[in-house]
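Before any comments, here is the structure.
The values are calculated or read from the model by the stated rules, or taken from the named source; none is laboratory data. This is a predicted model, so every value here is computed, not measured. With ideal geometry, Cβ positions are generated from the backbone for all residues, glycine too; neighbour counts draw on all protein chains shown.
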């Protein structure tokens, strides 16, 4: 299995993680987001170019807001994991774990080169347990969202490395 | 044409004034163009695929930093080769 940036060579037509939203994203929007809109990069886990899992990441920020006037006064750089999905045939085989580890390494690279205080994932309800296991904590944001943002600090990542 | 009253963030307002003065374009034209662009983007990429910005309070940020602790699973994940 190889993890690399999504390209036209990767076969994703038959990808099925059991969630139509995540299937559609990979098939219709992930590549477009990457090359046309430049808003995120998708890395795929594949076997002989057949995609068995993917993770979409982007450089983002948390806007720390003063409660009194609700004006952002601080943009804190983070790596954002927008989506992570594994094909049904390959679920429970630690591929999600490897993709998460891949994203954590990218966050460390980001921290070293440009600054990054942590990782934020936009977790669906059923994925919250997975992320909690790896130390992510739920963020109480000031606005509503379809997913639950969860945070893991670079400090915690550094403390975990031996 | 219909009129609305709304508040803009300072940085957006300043940019609007700057572009309007520099290019001699009316502000309502710029706003209409920007909205059209935004709506077209939503048609191209459905709203559920667009990640919302994250706004949190200072207290919440401090809570996150204090609560974030390594778990055994995280240690194993990062130290297994």
State which residue pairs qualify: first residue facing another protein chain (nearest Cβ under 7 Å) and farther than 20 Å from residue A:147 by Cβ and inside segment B:51-67, second residue modelled with pLDDT under 85 and surrounded by 15 or more Cβ atoms within 10 Å (Cβ to Cβ) in any location, beta carbons under 7 Å apart, and separation of 6 or more residues or different chains. B:58/A:64
Count - residues of segment A:124-138 that are within 7 Å of chain B (Cβ to nearest Cβ) and touching a residue at least 24 places away in the same chain (Cβ under 8 Å): 2
Can you name the number of the only condition in (1) more than 22 Å from residue A:3 (Cα to Cα); (2) at pLDDT 95 or above; (3) away from every other protein chain (no Cβ under 11 Å) that residue A:53 fails? (1)
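On the given criteria, is residue B:35 surrounded by fewer than 12 Cβ atoms within 10 Å (Cβ to Cβ), modelled with pLDDT of 90 or more and part of a helix (DSSP H, G or I)?
On the way: surrounded by fewer than 12 Cβ atoms within 10 Å (Cβ to Cβ): yes; modelled with pLDDT of 90 or more: yes; part of a helix (DSSP H, G or I): yes.
Against the criterion (surrounded by fewer than 12 Cβ atoms within 10 Å (Cβ to Cβ), modelled with pLDDT of 90 or more and part of a helix (DSSP H, G or I)), residue B:35 qualifies.
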Out of the residues in segment A:28-49 that are touching a residue at least 12 places away in the same chain (Cβ under 8 Å) and loosely packed, with under 15 Cβ neighbours inside 10 Å, state the one that is farthest from residue B:41 (Cα to Cα). A:47
Out of all the residues in segment A:142-162, which are in contact with a helix residue (DSSP H, G or I) (Cβ under 8 Å, 6 or more places away or on another chain), surrounded by 15 or more Cβ atoms within 10 Å (Cβ to Cβ), facing another protein chain (nearest Cβ under 9 Å) and not in a strand (DSSP E or B)? A:156, A:157, A:160
Any chance residue B:80 is at pLDDT below 85, within 14 Å of chain A (Cβ to nearest Cβ) and closer than 23 Å to residue A:100 by Cβ: yes
If we keep just the residues of segment B:38-50 that are more than 7 Å from every other protein chain (Cβ to nearest Cβ) and assigned to a helix (DSSP H, G or I), which is modelled with the lowest pLDDT? B:47
Boolean, residue A:93 is assigned to a helix (DSSP H, G or I), modelled with pLDDT under 95, over 18 Å from residue B:59 (Cβ atoms) and touching a strand residue (DSSP E or B) at 6+ places or on another chain (Cβ under 9 Å): no
A careful count of residues in segment A:112-123 that are more than 9 Å from every other protein chain (Cβ to nearest Cβ) and surrounded by 18 or more Cβ atoms within 10 Å (Cβ to Cβ) gives 4
Residue A:79 vs (1) surrounded by 15 or more Cβ atoms within 10 Å (Cβ to Cβ); (2) out of contact with any strand residue (DSSP E or B) (no Cβ under 9 Å at 6 or more places or on another chain); (3) touching a residue at least 12 places away in the same chain (Cβ under 8 Å): all pass except (2)
Taking segment B:57-77 and keeping only residues that are at pLDDT 85 or above and not in a helix (DSSP H, G or I), one is left with B:68, B:69, B:70, B:71
